[in-house]
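Each remark here refers to the structure printed beneath this line.
The values are calculated or read from the model by the stated rules, or taken from the named source; none is laboratory data. As the structure is a prediction and not an experimental result, all values here were calculated from the model. A quick note on method: Cβ atoms are made from the backbone with ideal geometry, for glycine too, and the neighbour counts reach across all protein chains shown.
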Amino acid sequence: MSQQNLFSAQAPITPPPGLAVSSPESAKPPRQSPRWLQRLDLIVRVIVRLYLGLIIVVLPWMHFWDENRLLALLPHLAPLALNGIVRGVVSGLGLLNIWIAIHDVIHYKEG
C-alpha cells in the first residue's frame, strides 16, 4: 500500500469560486444589534441567573435534597450528597451565580 500526500506543497494562487476575498480597506464593521434587544438580553440573563442562583442556594438545605430519588437508587452516593461541605459548595455556586448577575447589571454599558 503506497502512501499518498493529501496536501500539496504549494498554496493555491487563486481562491476557489464563490469565496470572496476581503481586503482591510473593504472590511465593514459588524452591525450591532438594536439597543432594546441588548437590554432585553441583559434582563433575561439577569433574571435567569438570579432565579437559578436562588434555587441552588436554597435547595441543598431543603427536604428535597434529603429525599432524593437518585440517592435511593445510588445508596453509596448518599453520604457524600448529605455531607455539609458538599451542601455548602453547592450553595456557594448559587451565590456565585447571583453575584455574576449583579455584576452584569452594575457593569452594563450600552453601545
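Considering only helices (runs of 4 or more DSSP H) fully contained in region 55-111, which possess at least 1 residues that are within 30 Å of Asp41 (Cβ to Cβ) and either under 22 Å from the mean Cα position of the chain (by Cα) or of a type in the set (Ser, Thr, Tyr) (or both)?
By residue number, 84-106.
Which count do you get for residues in region 28-40 that are part of a loop (DSSP other than H, G, I, E, B) and either under 15 Å from His103 (Cα atoms) or touching a residue at least 60 places away in the same chain (Cβ under 8 Å) (or both)?
Count: 1.
What residue, of Ile56, Ile43, is surrounded by 10 or more Cβ atoms within 10 Å (Cβ to Cβ), among the aliphatic types (A, V, I, L, M) and without any contact (Cβ under 8 Å) to a residue 24 or more places away in the chain? Explain how you work it out, then say what you get.
Working: Ile56 fails: without any contact (Cβ under 8 Å) to a residue 24 or more places away in the chain.
Being surrounded by 10 or more Cβ atoms within 10 Å (Cβ to Cβ), among the aliphatic types (A, V, I, L, M) and without any contact (Cβ under 8 Å) to a residue 24 or more places away in the chain holds for just one of Ile56, Ile43, which is Ile43.
Looking at (1) over 24 Å from Ile106 (Cβ atoms); (2) modelled with pLDDT under 90; (3) exposed (fewer than 11 other Cβ atoms within 10 Å of the Cβ), which is the one condition that is false for His63?
(2)
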